[in-house]
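The values are calculated or read from the model by the stated rules, or taken from the named source; none is laboratory data. For clarity, every value in this text was computed on a predicted model and none was experimentally measured. Cβ placement follows ideal geometry from the backbone for every residue including glycine, while neighbour counts extend to all protein chains displayed. Each accessible area value is taken on the protein alone, full model and side chains, heavy atoms only, with ligands, DNA and RNA left out. Shrake-Rupley method; radii C 1.70, N 1.55, O 1.52, S 1.80 Å.
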Amino acid sequence: CMVVCVVGAEGEGGWGGGGIRANQGHRLLPHPRIGAPMRLFDFLEVLPEAGYREALYHTSALGTTNRGYATGRVDLRTRFRRQVDLPLGIGKATHLLEPRIGYALLAKTVVADTPVFVPESTYDQERLRELDLDNVTLDPADNLDARNIVTGGFNNRFYGRGLDDSIPRLLGDFTVLGQYDFAQDRAGELVVDGTAYPGGNIYTRLIMGYQMQEERFDEAFVQ
């Protein structure tokens, strides 16, 4: 639950992000959620969650008003493990494969012409939302689009001794995911996000976001 008091922004005597100028007010943001993690058939992990988010405003120009959203989450995942041989003479490693499916719902229940204390992101960070759907249901912006998202893919983790270590450790972590938003009838990005630590001073970071419906790269980064 969050309380915000607004008396102006950036020295303008008003609010940014489309809000009303020369206004003052308060915002109360309760978001109760309930979840019940469970394990089915001794191999499938299920993490359901449901909640309701309300933004309650009291402003000097509009008085008291509100807007509300129903939120929901379901995550399903399981794990498989095997031994693999790594290239470059690194040796053997334990490969942990984690297939996962996620679902996130953000539905407007009360729509009001209210001030925008916290504007939407200027850049829609689809990769961050796909990797963790909390970034959908817990988005701090005041004015949110309806979302009805399904994600699917898998995580890969490799544990071994590296090039110069005697103690087992994490050698790499790679995630591949895809997304579809039924609320917007739009395919999301094919996301690849990973880090590798083969040993010594070697460190590699890989990020890719490929927009499947529009057939273009939204972002690509290799370090």
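Counting only Cβ charges, +1 for Lys and Arg and -1 for Asp and Glu, the dipole size of the chain around its Cα centre is about 740 debye.
At the listed q of 0.16, 0.17 Å⁻¹, the Debye profile of the chain, built from one uniform point per Cα, gives log10 I(q)/I(0) equal to -1.12, -1.18.
Compared with the alpha-carbon gap, the fully stretched path from ALA50 to PHE174 is longer by 41.8 nm at 0.36 nm per residue. For every other residue with a beta carbon closer than 12 angstrom to the beta carbon of PHE221, add +1 if it is Lys or Arg and -1 if Asp or Glu, then tell me the sum. Combined, the nearby Lys, Arg, Asp and Glu give -1. Per-residue extension of 0.36 nm, minus the Cα-Cα distance of GLN211 and ALA196, leaves a gain of 3.0 nm for this segment. Based on protein heavy atoms only, the chain ends up with 56 Å² per residue of surface accessible to a 1.4 Å probe. With the simple spin-label model, which puts each label point 7 Å out from Cα in the Cβ direction, the VAL111 to ASP134 separation comes to 3.0 nm.
For the chain, with all protein chains in place and a probe radius of 1.4 Å, 58% of the accessible heavy-atom surface sits on carbon or sulfur.
Here each label is just a point 7 Å from Cα along the line to Cβ, and for ALA141 and GLU219 those points are 1.5 nm apart. For a label point 7 Å from the Cα of ASN156 along Cα→C-beta, name the residues of the range 183-223 whose backbone N is under 11 Å from it. The answer is 193-195, whose backbone nitrogens lie closer than 11 Å to the label point. Running a GNM on the chain with Cα contacts under 10 Å, which residue among ASP124, ASP75, ASP142 ends up with the highest mean-square fluctuation? Looking only at ASP124, ASP75, ASP142, the largest GNM fluctuation is found for ASP124. A helix-only calculation puts the chain at -1000 deg cm²/dmol for mean residue ellipticity at 222 nm, using -39500 (n - 2.57) for each DSSP H run of at least four residues, averaged over all residues. Highest mean packing first, where packing is the average number of other Cβ atoms within 10 Å per residue, the peptides 32-40, 60-68 line up as 60-68, 32-40.
Treating each Cα of the range 161-215 as an identical point scatterer and ignoring solvent, apply the Debye formula and state log10 I(q)/I(0) at q = 0.12, 0.18, 0.23, 0.26 Å⁻¹. Here the Debye-derived log intensity ratios amount to -0.43, -0.66, -0.84, -0.96.
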